[in-house]
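Values in this text are rule-based calculations from the coordinates and carry no lab data. Values in this document were obtained by computation on a predicted structure and should not be read as measured data. Positions of Cβ are generated from backbone atoms using ideal geometry, with glycine treated the same way; all protein chains shown enter the neighbour counts.
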């Protein structure tokens, strides 16, 4: 077990190194004088240019610059944002709970709706419901989610006036400390009347938009995995010994059908982060995706560099955890290559 | 017995003589593909989009970049104040929506198809190289693909565009990089599966060179899943490119790219909903048509993966 853990952890090291190399090279490829790109000033005097060139280590050989970069990253130094003068890591950690909260509710929606919908379709295979679900899910994963978000804003928020257009909470009516960064939790702890409900209202549309593609994928996956399981001997045995159909499907079949679904959920973290960039942009949701796009507009390359690195680290980390959990659940993965 | 024989030779609705002779691969593929009505419908819609794209110069009533100063944000024909001059209305700069949507099909299909072709060719080459040339290259290629997969698709595309600058060409480069690993992994996995088979050993013994072994012995037997991947890859590429366009990092205005058209549409949500609705609808219809076709391709090419 320990050997498997160590091997799996060791496998991520080359990926990390390559990731550092990628972001290191990327910022060097930005057109323009490297000093001006990094300091964010144009047409500096030669003395100032030389000063920063030395300060940033740009007068060193390239291989040494890379080693310096890796060294700094290993010590948690992801650089300083040009526009806010804050540490990139600090800025990321302040904004990340917003993205995490949004992703959590999106996945919650996708699982809570997708799993029962897919399981029901498998049981009623070939029927009207099954066909309708398959069609809807095809729409779901063909959907340009940025447009879907605009449509929802247009109908639900503007026409019907049901839900807020943007942001995480109504800032005019509510203000409280945010020790956790998760608006729903902070609102609950603030004991301001209605704050929690308002935070939830702000979450509905973004969570629907971000959850649409995973919902479609999970529904399809549950359906096909359920279809396979329903033909297994143990399901036939459960039926034959006279268990209620609800129990056969809900306990014996669904529980086994969920394993591949859990894999899909683990794998969708990368897709969630990509979707969060679009969703946060549409709803002005102050998370890391919005921040990343914003930093491009401000030509804040250190923030962009650190942001890409940190978001990818999250993805690699989650995938690693999923793999390790699998090793615990399923010995075949641990021992196989 | 006689009844059995008759049943074997005359399937429903087919000419008996055509079945006795071995049907050509294309004919048997088409017969299987045709079973899936959704796929045929998808293919028809996709065909229509392709025709519109090709004939854009003839079909479009106006130039996609001409600004009609006298008719800014004109409503579509079915709304109050709409006219047949601008059937689907005009946008915030007075561009004719219909013409932009038609020319947009050209841009989106160009992006989708070129991303697919380039990543297919490079991906297959890298995948075959990884599977067949020994462990060093294999590890190097596999790790590189792991890296690309570790960065969320749109984040990687955003990084590439932020560095290279936003343009149509750089969109294609960025999206190609993002979708490369899928082809590499698929090719590598199926090539590894084929390499242990007898016909490959036979070809090796017969003295077939490595290049020919890779491309004309092994590759044709790996093609089925790759073709499905390529079809679905076109729709993913279109979506990804439109996403970049929406973020203002794709094709730049006045290029009539569907995602770019949506980028500034937010301000018209209250007043002029057609400016927001139509470009997204075009993306959805195109992507849906390609995905339907792709599903049909999978069912027809790979009987194992046929859905229940």
For n ≥ 4 DSSP H runs only, could you compute -39500 (n - 2.57) per run for chain A, divide by its residues and tell me the 222 nm figure to the nearest 500? -24000 deg cm²/dmol
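Quick check on the range A:29-90: take the gyration tensor over C-alpha atoms, sort the square-rooted eigenvalues as a ≥ b ≥ c, and tell me if it's rounded (a/c under 1.5), prolate or oblate. Walk me through the numbers on the way to the answer.
On the way: a/c = 2.04, a/b = 1.25, b/c = 1.63.
Since a/c reaches 1.5 but b/c is at least a/b, the shape of the range A:29-90 is classed as oblate.
Mind ordering B:78-85, B:132-139 by average Cβ neighbours within 10 Å, highest first?
Values: B:78-85: 10.5, B:132-139: 12.5.
Descending packing order for the listed peptides: B:132-139, B:78-85.
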Residue A:231 and residue A:180 label points (each 7 Å along its Cα→Cβ direction) are spaced in nm at 4.5
First measure r as the distance between the Cβ atoms of residue B:264 and residue A:240, then evaluate 1/(1 + (r/R0)^6) with R0 = 45 Å and state the FRET efficiency to the nearest 0.05. 0.10
On a 0 to 90 degree scale, rounded to 10, what angle separates helix A:2-29 from the longest Cα axis of chain A? 50
Give me the angle, in degrees from 0 to 90, between the Cα long axis of helix B:135-150 and the longest principal axis of the Cα atoms of chain B, rounded to the nearest 10. 30
Would you calculate the separation in nanometres between label points at residue A:104 and residue A:320, each defined as 7 Å from the Cα along the Cα-to-beta-carbon direction? 2.2
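Would you mind getting me the FRET efficiency between residue B:65 and residue A:259? Use the beta-carbon distance for r and R0 = 51 Å, nearest 0.05. Display every interim value, and only then the final one.
Numbers: r = 53 Å, r/R0 = 1.04.
The pair residue B:65/residue A:259 has a calculated efficiency of 0.45.
Provide the gained length on full extension for the span residue A:55 to residue A:36, in nm with one decimal, where the gain is 0.36 nm per separating residue minus the Cα-Cα distance.
Details: separation 19, 0.36 × 19 = 6.84 nm, distance 1.27 nm.
Here the answer is 5.6 nm.
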Considering only B:192, B:239, B:101, give the residue with the highest GNM mean-square fluctuation for chain B, with springs between Cα atoms whenever their separation is below 10 Å. B:192
In whole Å, largest first, the alpha carbons of the range B:53-148 cover along the principal axes 68, 27, 21
If you wrap a convex hull around the C-alpha atoms of chain A and split its volume per residue, what is the figure in Å³? 196
What 222 nm value per residue comes from the helices of chain B, counting each DSSP H run with n ≥ 4 as -39,500 (n - 2.57) and dividing by all residues, nearest 500 deg cm²/dmol? -22500 deg cm²/dmol
Folded to 0 to 90 degrees: helix B:97-132 orientation relative to chain B principal axis, Cα: 30
Which one, A:26, A:195, A:110, has the greatest fluctuation when you compute a Gaussian network model over chain A with C-alpha springs under 10 angstrom? A:26
What is the pair-distance distribution P(r) of the range A:247-337, computed from all Cα-Cα distances in 5 Å bins starting at 0, with each bin given as a whole percent? 3, 12, 15, 16, 14, 11, 10, 9, 6, 3, 1, 0
Among B:42, B:207, B:280, whose mean-square fluctuation peaks in a Gaussian network model of chain B (Cα, cutoff 10 Å)? B:207
Please state the equivalent ellipsoid semi-axes for the range A:1-56: what are the square roots of 5 times the Cα gyration tensor eigenvalues, largest first, in whole Å? 40, 11, 6
If you take the square roots of the eigenvalues of the alpha-carbon gyration tensor of the range A:180-266 and sort them as a ≥ b ≥ c, do you get rounded (a/c under 1.5), prolate (a/b over b/c) or oblate? prolate
Pairwise centroid distance, computed over Cα atoms, of the range A:1-40 with the range A:83-154, Å: 29
Peptide-level mean, for B:137-150, of C-beta atoms on other protein chains within 10 Å: 4
Compute for the protein assembly as shown: radius of gyration divided by Kirkwood radius, i.e. Rg/Rh, restricted to C-alpha atoms, rounded to two decimals. 0.99
Which of rounded, prolate, oblate describes chain B, given a ≥ b ≥ c as roots of the alpha-carbon gyration tensor eigenvalues and a/c under 1.5 marking rounded, otherwise prolate only if a/b is larger than b/c? oblate
